[in-house]
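The structure appears right after this line, and notes come after that.
Derivation of every value follows stated rules applied to the coordinates shown; laboratory data play no part. Here the structure is a predicted model, which means the values were calculated and not measured. When we count neighbours, we look across all protein chains shown, and the Cβ atoms used for this are built from the backbone with ideal geometry, even at glycine.
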Amino acid sequence: MISGFFQGTEMPDAGWWEALWPDPAGVLTDSGLAAGAAAVDLCAGTGWFTLPMARIARRVTAIDIDGALLNVARRRLGDAGVTNCAFAEGDAYDLAKVVAAPVDFVFLANAFHGVPDRPRLAAAVAEVLKPGGQFAVVNWHRRPREQTTVLGEARGPATVLRMSPEATIAAVAPSGLRLVRVVEVPPHHYSAVFATTGI
């Protein structure tokens, strides 16, 4: 693991995201993103979800600790003519330092399993959400890695790192965010959606 990066969250090779999630906008809307929202793509990486998020939301902040990955995301959105997204290089724990105004929606895909202090991260998210705001955590199901194949190869984090929905819910609970629903994200993921009070 590179210092500063969450364990087991390396970016995949070309073609992987497309094969795994051919409809990223559908994953976002199923996870609670609504048109006109102020949204955050946390640990955005190369922007596979950032682009469709920006097409749905009013404004987006894409955050990642890796500036090189954010540059790829910036080019992806620029090539698509999307201009309502700000890019911020920073630590996910320091979310409140990056997000100046409260937001409606925070999205985190394929990273929560590797977070060393999950309650701390959930608390950081809760701090930037508006009343009724939502936090969507997309995780790999807790299945053996050899059973989660993409493009003919076993993919995703090591089996020992994977979290059940119940484990994700327990990790977020100390933040005060409450579970709204768990949504299946075929073929290998689920989205646990949490909310602040106010809905």
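Against the empirical 2.2 N^0.38 Å scaling, what ratio does the C-alpha Rg of region 88-199 come to?
1.09
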On the formula 1/(1 + (r/R0)^6), with r taken between the Cβ atoms of Trp16 and Lys97 and R0 of 30 Å, the FRET efficiency rounded to 0.05 is 0.45
A convex hull over the alpha carbons of region 1-157 yields, per residue, a volume in Å³ of 113
Sorted on mean Cβ neighbours within 10 Å (highest first), peptides 148-160, 87-99 come out as 87-99, 148-160
Rounded to the nearest 5, the percent of DSSP beta bridges in the chain running antiparallel is 45
Measuring from its Cα centre, region 87-199 shows a charge dipole (+1 at each Lys and Arg Cβ, -1 at each Asp and Glu Cβ) which, in debye to the nearest 20, is 280
With region 33-101 reduced to its Cα atoms and the Debye formula applied, log10 I(q)/I(0) at q = 0.16, 0.20, 0.21, 0.26 1/Å amounts to -0.45, -0.70, -0.78, -1.14
For region 17-195 the mean separation of alpha carbon contacts under 8 Å (6+ apart) over residue count, i.e. relative contact order in percent, is 19
Expected unfolding gain across Glu146-Lys130 under the 0.36 nm per residue rule, minus the alpha-carbon gap, is 1.8 nm
